[in-house]
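Colleague: This structure is in structure tokens; I'll ask about it shortly.
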Amino acid sequence: MTTNMTTTPTAPAVSTTRLRRVRPLLTFLMLEQLRALRHPANLFFVIAFPSAMYLMFNNVGGIGTQQVGEHGNVSATVMLAMASFSACMAATSSATGAAIELQVGWGRQIAVTAGGMRIYWAVKVATAFVQATVPVLVIFLAGALTTAELDARGWVLGFLLAVVTVIPFILWGLGMGLLLPSQAAMGIAPAFVSLFGFLGNAFMPLNETMMTIARFTPLYGPVALVRWPMTEGWTYVTDLPAPVQDEMWMAVANLVAWTVLFALPVVALRRRATVRQ
């Protein structure tokens, strides 16, 4: 008579092993969020500055409560644009810092740990998305407490689109951080996002010529898509007698094109850095 002594791994053992693998990643991600939120520059430029701009422009001329179509009012269009701009600014700042860390040697230390650079980049990209969410929450709260009126569809889709459409600006921040010295990168990358905001119809209505230029600038796509659930592409142009409507494909094409353009130098510079290591 024989006894079968074969055993199989139990579910708790498998779960414990997975937890041990995931726990360092979650700890790394949590510490990154806390470190970014404690940074004074982030608190000012990513949260306070865009919120102040919303409060400044949401009711200029007393027209903030004026309806824009069937889905919301003027204050809501300002809120959505400021949310998009601030999310892109936050993503840029976070990604630039990640690239600078790589340049100064932190990436080489991460590369020899379990998971290596894949974990590093996954955490940094996740951090950029989380950091982009914070100012959107703040500005949406400011809008809800002031004069912004928006239907439920606009609130939900506007919030989601404001976070998702930061992808090209994560790549922009990474590229600037890999290309420029650290001090220059931290100043230039966010400064250009502000310039993109003025050129991309985020801050104020543009005339016909500037609106034509705006459609080819990096922030046009994100802002237009975030506003889309409310405005459906309609835009006020200062020197035309009536608003104009852009097709959705124009905003999507802008977003995709700039994502690809910003990704190319990141790939090239990252490979060069890898070779040097």
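The values are calculated or read from the model by the stated rules, or taken from the named source; none is laboratory data. Quick caveat, the model's predicted, so the values are computed rather than measured. No Cβ is skipped: glycine too gets one built from the backbone with ideal geometry, and neighbour counts run over all protein chains shown. Calculation scope for accessible area: heavy atoms of the full protein, side chains included, ligands and nucleic acids excluded. Shrake-Rupley method; radii C 1.70, N 1.55, O 1.52, S 1.80 Å.
Colleague: For the range 136-277, what % of the accessible area comes from carbon and sulfur atoms, probe 1.4 Å?
Modeller: Values: 5130 of 6990 Å².
After summing per-atom areas, the C and S share lands at 73 percent.
Colleague: List the residues whose amide H sits under 5 Å from the amide H of VAL237, counting only those 5 or more places along or on another chain, with H placed 1.01 Å from N in the peptide plane.
Modeller: VAL244
Colleague: Apply the Karplus curve 6.51 cos²θ - 1.76 cosθ + 1.60, θ = phi - 60°, to the phi angles in the range 189-203 and return the couplings in whole Hz, x for Gly and Pro.
Modeller: 4, x, 4, 5, 5, 4, 4, 4, x, 5, 6, x, 6, 8, 9
Colleague: Count the net charge of all other residues whose Cβ sits under 13 Å from the Cβ of GLY154, scoring Lys and Arg as +1 and Asp and Glu as -1.
Modeller: On the way: positive: ARG153, ARG227; negative: GLU70, GLU149, ASP151, GLU232.
In short, -2.
Colleague: What dipole magnitude, in Debye to the nearest 20, does the range 150-271 give about its Cα centre under +1 on Lys/Arg Cβ and -1 on Asp/Glu Cβ?
Modeller: Details: 5 positive and 6 negative charges, 109 e Å.
Dipole of the range 150-271, to the nearest 20 debye: 520 debye.
Colleague: Going by amide H atoms built from the backbone, whose H comes under 5 Å of the H on ASN73, apart from near neighbours?
Modeller: Placed amide hydrogens put VAL68, GLU149 under 5 Å from ASN73.
Colleague: What accessible area per residue comes out for the range 198-277, rounded to a whole number of Å², with a 1.4 Å probe? The partial results should precede the final answer.
Modeller: On the way: 4340 Å² over 80 residues.
Value returned for the range 198-277: 54 Å² of accessible area per residue.
Colleague: Could I ask something else about it? Please compute the length gained on full extension between ILE188 and PHE216, using 0.36 nm multiplied by the number of residues separating them and subtracting their Cα-Cα distance. Could the numbers behind the result be given before it?
Modeller: Values: separation 28, 0.36 × 28 = 10.08 nm, distance 2.03 nm.
Extending this stretch completely gives an extra 8.1 nm.
Colleague: Multiply the residue gap between ALA242 and TRP121 by 0.36 nm, knock off their C-alpha separation, and tell me the result in nm, one decimal place. Numbers along the way, then the final one.
Modeller: Numbers: separation 121, 0.36 × 121 = 43.56 nm, distance 4.64 nm.
Additional length available on full extension: 38.9 nm.
Colleague: Test of understanding: what is the full-extension gain from VAL267 to ILE63, defined as 0.36 nm times their sequence separation minus their Cα-Cα distance? Please list the in-between numbers first.
Modeller: On the way: separation 204, 0.36 × 204 = 73.44 nm, distance 4.59 nm.
So the chain would gain 68.8 nm between VAL267 and ILE63.
Colleague: Moving on. Quick one: Cα centre-to-centre distance for the range 172-238 and the range 249-266, in angstrom?
Modeller: Taking the Cα centre of the range 249-266 as reference, the centre of the range 172-238 is 13 Å away.
Colleague: With the Cα gyration tensor of the range 123-169 giving a ≥ b ≥ c as the square roots of its eigenvalues, does the rule (a/c under 1.5 for rounded; else a/b larger than b/c for prolate; else oblate) give rounded, prolate or oblate?
Modeller: Prolate.
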